[in-house]
1. So for the range 36-99, averaging the separation of alpha carbon pairs under 8 Å that are six or more residues apart and normalising by length, what relative contact order in percent results?
2. If neighbour count is taken as other Cβ atoms inside 10 Å, put 161, 268, 177 in order from fewest to most.
3. Rounded to the nearest 500, what is the chain's calculated 222 nm mean residue ellipticity when only DSSP H runs of at least 4 contribute -39500 (n - 2.57) each, over all residues?
4. For the chain, take the longest principal axis of its alpha carbons; what is the angle in degrees between that and the long axis of helix 17-31, to the nearest 10 within 0 to 90?
5. Within a 10 angstrom radius of the beta carbon, how do 121, 420 rank from fewest other beta carbons to most?
6. Sorting check: for 290-298, 184-192, which peptide has the highest mean count of neighbouring beta carbons within 10 Å, and how do the rest follow?
7. What do you get for the angle between helix 150-161 and the principal long axis of the chain? Use alpha-carbon atoms, 0 to 90 degrees, nearest ten.
8. Tell me, what is the Rg over Rh of the range 140-208, with Rh the Kirkwood radius over Cα pairs?
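Derivation of every value follows stated rules applied to the coordinates shown; laboratory data play no part. Worth saying up front: this structure is predicted, and the values here are computed from it rather than measured. We place every Cβ from the backbone using ideal geometry, glycine too, and count neighbours over all the protein chains shown.
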């Protein structure tokens with residue numbers, strides 16, 4: 001197949017797990033003989049870059065340090081540019097199928113141009129760009145909110161009465177088609193959005209779509225998008241994340257936390273649990289691996305120093321190549337998110353490397369992690385409970401090995417790259433076949 005992959009970021013930016021997920025899928029498809037061209041943003045570049053394999057041309061709005069553009073006169077050229085870039089990429093590459101990954105920070109109105117391309121479009125949804133970001137899109141909000149501030153309302157009315165909205169629908173679409181002029185369920189006041197029925201918003205079409213977890217699919221349904229028909233394909237783990245399980249007699253002293261370091265990471269909860277565990281006599285240390293918010297990282301360092309905790313902040317150079325060795329150098333992974341993650345990539349990588357895992361359960365983690373079977377779980381934000389789980393691991397070496405063995409077997413059987421890419425490849429082939 002000739003596939004045009006569309007995503008907001010493509011390495012080497014290393015901005016998040018979703019970026020590496022898209023890269024892994026694209027590279028695997030290429031290895032299987034498919035021809036894949038990539039359309040992504042120009043983030044990090046002084047100018048656009050294009051070659052046969054990758055087009056770095058799309059413009060960001062309001063994320064990753066790019067200024068937020070909200071007024072109509074400023075939004076219009078940005079939207080026209082992104083749609084023109086997309087149409088040119090389709091015309092130049094002549095793909096048989098469009099494969100869309102994250103559109104976080106990118107014009108969501110591209111959804112309409114994709115729909116009108118008359119090509120099969122497959123969405124791989126791995127983050128919250130659909131469930132949360134669409135309602136924040138300034139271009140779609142301007143055209144589809146039931147009410148706007150007085151000046152914006154007057155501008156919109158003038159543009160609609162002059163026929164400008166209809167003309168823009170051909171170049172920078174504002175809606176799927178005439179008749180979907182306002183979408184209160186997405187762009188209305190909080191009360192209107194709260195009253196939305198699941199799967200009820202018909203102003204968007206996602207005929208061929210799969211999610212990384214049932215949790216993310218269900219959330220997207222609950223905010224109104226019609227995705228009940230969607231599939232769920234759990235992402236795969238690279239064979240680099242396979243390691244030996246330590247025997248019951250091996251010491252358990254080196255804890256590891258891998259995360260984007262923000263308040264939602266739960267890293268402070270991990271530090272508080274470490275303090276409680278050491279006060280109870282556990283001889284353990286903690287390594288923290290990840291980049292993040294500078295003020296939050298400073299608060300973590302200050303907490304560790306002031307309480308004389310043995311905490312090491314590991315340098316991050318390339319998370320894709322660094323992590324397998326980092327996991328294998330430690331004894332236990334602490335997975336401490338205090339938000340609903342779409343998919344628990346980090347604990348599965350650690351499980352593949354043979355580490356026992358203690359994890360908070362929220363979002364996609366609740367589908368895959370089972371207390372006492374393939375990991376130990378605790379309530380997010382509860383350091384005392386996390387410390388108690390650490391004690392359980394120390395006094396139950398047999399349970400520790402049993403859980404690690406069960407977890408690694410599941411990763412090898414259900415989450416290996418080859419099995420997952422088989423599912424993705426079959427999904428793409430079926431999507432293409434449905435239009436022929």
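1. The value is 26 percent.
2. Taking fewest neighbouring Cβ atoms as first place, the list is 161, 177, 268.
3. -12500 deg cm²/dmol
4. The angle comes out near 80 degrees.
5. Sorted ascending by nearby Cβ count, the order is 420, 121.
6. Sorting 290-298, 184-192 by mean packing, highest first, produces 184-192, 290-298.
7. The answer is roughly 50 degrees.
8. 0.99
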